[in-house]
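What follows is one structure encoded as structure tokens, with my remarks underneath.
The values are calculated or read from the model by the stated rules, or taken from the named source; none is laboratory data. Note that the coordinates shown come from a computational prediction; the quantities given were computed from them, not determined experimentally. All Cβ positions, even for glycine, are placed from backbone atoms using ideal geometry, and neighbour counts span all protein chains on display.
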Amino acid sequence: MKTSLRTLVAVAGTLLSGLPAHADITVGFVTALSGPGASIGIPYGKGIAAAFDYISSVSGEKIKLIQLDDGSDPSTAARNARKLVEEEKVDILIGTAQAPASIAMMAVSAELKVPMISVSPVVVPPTTDRWGVAVPQLPSLMFKAVTDRMVKDGIKTVGYIGFSDAWGDLVYSGAKAAEDRGEMKVVANERYARTDTSVTGQVLKIVAAKPDAIMNGGSATQGALPLLALTERGYKGKIYGTPALLNADFIRVGGKSAEGILVSAGPVIVAEQLPDSHFSKKPSMAFRASYQKVNGSETTDGFSAYSFDAWLIFVDSAKRAMAKAKPGTPEFRTVLKDEIFATKELAGVHAIYNFKPDSAYGVDERSLVLVRLTNGVWRYEP
Amino acid sequence: MSSDIAAILAIDGIASGAIYVLIAIGFVLIFAVTRVIFVPFGDISAFTALTLAALETQRLPGTMGLVAMLAAMATLMQLTADIRASDLKAIPSTLFFYLVVPLVPVALMWFAAGSVMSMPVRMGLSLLLVLPIAPLLDRIVFRPIADASVLLLLTVSMALHFALVGLGLMFFGPEGVRTQPLTDASWEIAGMQVSLQTFLIVGSAVVFSTLLYAFFELTLTGKALRATAVNRTGARLVGIRPAYTGTMAYVLASILAGISGILISPVTTIFYDSGFLFGLRAFVGAIIGAMVNYPVTALGALLVGVLESFASFWSSAFKEVIVFSLLLPVLLWRSLSVGEVEDEAEE
């Protein structure tokens, strides 16, 4: 009698402790809720909350989401990733707000053999044992969408004005790439600093070069400075920009001078204006509804949408992986990784994703649309 | 370069130069009286602009928290000093000058913010609110080490700047602001469009420099400041308190910084950390005036503005390099013509 009771307890204990561990899929999510990266880290967190509300189970199995703050610090991000894998036995990592911290997490994911989806644009060294993918559009793709539109608009010469920092150089390289393809000529390369009081000199020189259009390589609020100076000098031509200008303060400061500027953006930014046939329309509207429900506010930023897409990629791959292995095991992680790299034509809110084992990036030109600032609002320009 | 472009660049340069003149004169003023190279001076200018912008959008400016915090710290320090010196009679005046006086503009702002004010009122309030910052910082940071070497004072001043920038980020947030222009009018002079704003900037620089000159020449307080600048020990012997002249110098200089902040805020976007570069450029002007000569300082600051404007046309990527390279020949010439540094020698 005594023995059978003991056996019963043991069996029940095994069942109770064993069941949840094998049934649930555990996701470890890291973002910057504090520190300098918090201004984009918080939207990332809100995006994942919306995604979790949208889909919280795969093939009948519950998903368990664990979120940690990395304080915008790469070493904390790496420590968090290790903790999530070793203590919480997560099946997949998603993170984080800044590229350096995401790279640090990526290294841990490869070492501990756990798949990872990065929501920041990271540069992943070429490797044969790839465990992570990145959701965002590559900067070069952002610029190419803009220069392609310039070609369509019949622009032959372009004047460039941008920040005198790494971002300014990056955008300039985008314009230069178009020149190397023989699409247009860059006739001016002018730079300014974020703390400058005036860009009159730079603008005079650009206007004197008489370009067909001007490309703005600034970002956020101070991206408006050249536009204001151009208006002052009576410039009436076309101006193009990058997603770095998708910022409420840019519109506020730029005012009338910023009207008419054309920038590339993820389709989710203008989801409500997209035609019903557009791949991003349906997921974007679902994303916005979930976001509103969970966070109690509307979403206009592109960052929370990257988290949402990361979730869609994970759920899509997990569905296929469930058929082959049990969550919580090393086999499942390997299968999940293989399935992520087998993602085909998955429509998210930002892009259609196609991952292959030879690259961490899986988006193409369809991930960007052109939007024009009209009466203080971004308008979709097909 | 055509003459048109040169003229536009020159006007643009003079306008920025005039802003630097105000800040540079403040630098020299504080340095002459207290021997402190007040690095956070540009920050005060930027904080004024940010305060003005907050008032324009009917928000409570972050400066209020900053001033209240500094006033509390200064009062605490002064009270401790009073009690240690068993000077209990001084306590009421300490409370009045370090707590009540700085908190008056804060209280005014508390009641006024949120309501729609006319532009001159907003400007007056912003100016009033930033005035206590520099004198309070003087009390908290510099007075305990007033007799230290210039190098130590500079190092402390640099550290103070970083602290202020951090506080600026906390109180004002990371986004930049731009205020409404004082006027949209512009005049045509010899075929050139010159905005009234430019005239206002240059005019204010001239008016306030002249006022400062009159203050030094005609009032007793001004003369006391000059006396301290010429010889601190001598001034003390004839009954001028260095603590008092120091506070006066900070207040006067803060007015200049505040005005420059108000003038520049409609022209460019100001961030919480914009002040440092204004200060650095003005500092080049002050160096040209050898940190003592007001007229040469003003000319030097103007030169920096014009050079900056032309440099941004010639080679915008190297603009800062060109402007700050100006320091090298000036320093070389200074060190050759002066021979020895007088400051440390007298101690």
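Descriptive notes on the structure:
- Subset tally (residues that are within 14 Å of A:T147 (Cβ to Cβ) and of a type in the set (S, T, Y)) for the stretch A:168-192: 2
- Restricting attention to the stretch B:288-316, the residues being more than 8 Å from chain A (Cβ to nearest Cβ) and among the small types (G, A, S) number 7.
- Within the stretch B:182-196, considering residues that are within 13 Å of chain A (Cβ to nearest Cβ) and surrounded by 15 or more Cβ atoms within 10 Å (Cβ to Cβ), the one farthest from the chain's Cα centre (by Cα): B:S186
- Identity of the residue in the stretch A:202-228, assigned to a loop (DSSP other than H, G, I, E, B) and more than 10 Å from chain B (Cβ to nearest Cβ), that ends up modelled with the lowest pLDDT: A:S219
- The combined condition, being at pLDDT below 90, outside any loop (DSSP other than H, G, I, E, B), away from chain A (no Cβ under 12 Å) and farther than 30 Å from A:Q222 by Cα, is fulfilled by B:G234.
- Conditions (1) without any contact (Cβ under 8 Å) to a residue 24 or more places away in the chain; (2) closer than 13 Å to A:I92 by Cα; (3) surrounded by fewer than 19 Cβ atoms within 10 Å (Cβ to Cβ): number failed by A:A321: (3)
- The stretch A:157-196, residues that are over 28 Å from the mean Cα position of the chain (by Cα) and either within 12 Å of chain B (Cβ to nearest Cβ) or of a type in the set (G, A, S) (or both): A:G159, A:G182, A:A188, A:N189, A:E190, A:D196
- Cβ-Cβ under 6 Å pairs, at least 6 apart or on other chains, the stretch B:258-283 side farther than 12 Å from B:I19 by Cβ, far side of a type in the set (A, V, I, L, M) and at pLDDT below 85: B:T269/A:V253; B:Y272/B:L169
- Qualifying position, being aliphatic (A, V, I, L, M), surrounded by 12 or more Cβ atoms within 10 Å (Cβ to Cβ), at pLDDT 90 or above and over 18 Å from the mean Cα position of the chain (by Cα), among A:V90, A:V30: A:V90
- Close pairs from the stretch B:69-85: first farther than 9 Å from B:L99 by Cβ, partner of a type in the set (A, V, I, L, M, F, W, C) and modelled with pLDDT of 90 or more, Cβ under 9 Å, at least 6 apart: B:L70/B:I133; B:L70/B:L136; B:L70/B:L137; B:L70/B:I140; B:M73/B:L136; B:M73/B:I140; B:M77/B:I140
- Of all residues in the stretch B:16-61 being out of contact with any strand residue (DSSP E or B) (no Cβ under 9 Å at 6 or more places or on another chain), among the hydrophobic types (A, V, I, L, M, F, W, C) and within 14 Å of chain A (Cβ to nearest Cβ), the one that is surrounded by the fewest Cβ atoms within 10 Å (Cβ to Cβ): B:A18
- Extreme residue, surrounded by the most Cβ atoms within 10 Å (Cβ to Cβ), among residues of the stretch B:317-339 that are touching a residue at least 24 places away in the same chain (Cβ under 8 Å) and within 14 Å of chain A (Cβ to nearest Cβ): B:V323
- The stretch A:273-317, residues that are under 27 Å from A:T374 (Cβ atoms), in contact with a Lys or Arg (Cβ under 8 Å, 6 or more places away or on another chain) and in a helix (DSSP H, G or I): A:Q273, A:Y291, A:S304
- Some residue of the stretch A:185-192 being in a loop (DSSP other than H, G, I, E, B) and surrounded by fewer than 22 Cβ atoms within 10 Å (Cβ to Cβ): no
- Meets criteria (farther than 19 Å from B:G42 by Cα and either under 18 Å from the mean Cα position of the chain (by Cα) or within 13 Å of another protein chain (Cβ to nearest Cβ) (or both)) for B:S157: no
To keep it simple, each residue is scored yes or no on (1) modelled with pLDDT under 90; (2) under 21 Å from B:S260 (Cβ atoms); (3) of a type in the set (D, E, K, R); (4) surrounded by 18 or more Cβ atoms within 10 Å (Cβ to Cβ).
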residue: B:T63; (1), (2), (3), (4): yes, yes, no, yes
residue: B:K89; (1), (2), (3), (4): yes, no, yes, no
residue: B:G114; (1), (2), (3), (4): yes, no, no, no
residue: B:V121; (1), (2), (3), (4): yes, yes, no, no
residue: B:V141; (1), (2), (3), (4): no, no, no, yes
residue: B:L154; (1), (2), (3), (4): no, no, no, no
residue: B:L167; (1), (2), (3), (4): yes, yes, no, yes
residue: B:G173; (1), (2), (3), (4): yes, no, no, no
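- With respect to the conditions (1) of a type outside the set (S, T, Y); (2) buried (at least 17 other Cβ atoms within 10 Å of the Cβ); (3) more than 29 Å from the chain's Cα centre (by Cα), A:G237 lacks only one, and its number is (2).
- Only residues that are of a type in the set (S, T, Y), touching a strand residue (DSSP E or B) at 6+ places or on another chain (Cβ under 6 Å) and part of a loop (DSSP other than H, G, I, E, B) were counted across the stretch A:35-74, and they come to 1.
- Condition check for B:S209: modelled with pLDDT of 85 or more, assigned to a helix (DSSP H, G or I) and out of contact with any Ser or Thr (no Cβ under 9 Å at 6 or more places or on another chain): yes
- A:V199 away from chain B (no Cβ under 14 Å) and not basic (K, R): no
- The stretch A:241-266 residues that are within 12 Å of chain B (Cβ to nearest Cβ) and without any contact (Cβ under 8 Å) to a residue 24 or more places away in the chain, paired with ones that are in a strand (DSSP E or B) and charged (D, E, K, R) (beta carbon under 7 Å, 6 or more apart): none
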